[in-house]
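Okay, so here's the structure we're looking at.
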Amino acid sequence: MSMVQAPLPATKAESTSASVAGGRPRKRGLSLLTARPWLLLAPGLVILAVLMLWPLIQVFIFSLQDYGLREINTGENNWIGIDNYVEALTNPTLWTVVLPNTVGFAAVAVFVTVAVGTLVALLLAKLGPVWRTIVSSCIMVAWAMPAVTGTYVWTFIFDADRGIFNTVLQDLGLMDDPVNWFTNQWSFYAIVLLNVVHHGFPFVAITVLAGLLGVSKEMLEAAALDGANAWMRFWKIIFPTLKPVFSVVIILSTIWDFKVFAQVYLMPGGGGGNRSVLNLGVWSYVESFGQNRYGFGAALAVLLTLVLIGITIVYIRSLMKEDEL
């Protein structure tokens, strides 16, 4: 009768050495997995640090100095601490002209851009695939047009001497003499609003359209059978479904419209000739390169950057909430 000998239990020393031997590769594997995303992001982070972080640090350093042409020529540093920020925050121009123009225009521009883009998206959703592709391609031309080109087109349309708008109004007998629409603050920003909305609504339309195509058609048809009109279907079904999309679109539009520059600066009088139409970005540029007050202009740029960082934080949090849903 043969007997099978049972394996002897491992001693404590043997089990400890085996666990250590098996644990080292596991720790190395975990550390490699942890470091791999950062290794992949490293080239992009280095480029961003060189192209964006270092210039931002330099701007902040300039904002703490009385930095002008003399300092550029001599290379000397004239440190004044936070005096530039105190001057900016106590300047009446900031609170009576610049900030109302910046915030007020951004609020109106975001509302109109999102509203027009949503209406266009609803129209595109009703079209067939062929016409939807054609119309989408046509409106994307406006989005692809450079801001400088679009600004000059709108400037030509409202030009006081040769503008199409004045010519049409005079031919219709609505006015006798041509009007310079760029001298008045309200008409100036109305033209800027047309320019910004014309350039920005295609992005909103295509983004909202992508969300509309995912809304359940059966739910919309059931609501229509229950007597819900188009307005009720939009607010009760479409808007709650696309709420994450609208939040992202609104925040991105706010960032873009808050730092609008070319559409204001390139308009007649927008480069500092008409002080009543200054916004935060143009004011920073005019003070820096027009008045050679680079330190004060840098302080204004830092304030604008802080506001945009705050809006960006809200944007990132909305994206994270969308991922959680």
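The values are calculated or read from the model by the stated rules, or taken from the named source; none is laboratory data. For clarity, every value in this text was computed on a predicted model and none was experimentally measured. Neighbour counts run over all protein chains shown; Cβ positions are idealised from the backbone, glycine included. Accessible surface areas use protein heavy atoms only, side chains included; no ligands, DNA or RNA. Shrake-Rupley method; radii C 1.70, N 1.55, O 1.52, S 1.80 Å.
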Cβ charges +1 (Lys, Arg) and -1 (Asp, Glu), total dipole of region 185-286, debye: 220
Note down the accessible area of residue 309, probe 1.4 Å, to the nearest 10 Å². 80
State, in angstrom, two size descriptors of region 145-218 derived from its alpha carbons: Rg to one decimal place and Dmax to the nearest whole number. 17.5, 57
Could you compute Rg(Cα) / (2.2 N^0.38 Å) for region 86-226, with N its residue count? 1.39
Can you give the convex hull volume of the alpha carbon atoms of region 52-95 per residue, in Å³? 94
Dimensionless Rg ratio for region 89-172, taking C-alpha atoms and the 2.2 N^0.38 Å reference: 1.56
In the chain, which whole DSSP H runs stretch at least 20 Å along their own axis (Cα) and average -1.0 or higher on the Kyte-Doolittle scale? 12-48, 99-126, 129-144, 185-212, 243-258, 294-324
Please give the solvent-accessible surface of residue 134 in Å², to the nearest 10, using a probe radius of 1.4 Å with every protein chain present. 80
Got a sec? What order do 206, 238 fall in by accessible area at 1.4 Å, biggest, i.e. largest, first? 206, 238
The answer for GluC sites (Glu not before Pro) in region 48-145 that fall in a DSSP coil and have at most 11 neighbouring Cβ atoms within 10 Å is 76
Percent of all alpha-carbon pairs of the chain at distances over 37 Å, whole number, is 42
With Cβ to Cβ distances under 14 Å as the rule, what net charge do the other residues near residue 87 carry (K, R +1; D, E -1)? -2
Can you give me the long-range amide H partners of residue 65? Hydrogens built in the peptide plane at 1.01 Å from N, cutoff under 5 Å, separation of 5 or more residues or another chain. 80
Ordering 320, 267 from largest to smallest accessible area (1.4 angstrom probe), what's the sequence? 320, 267
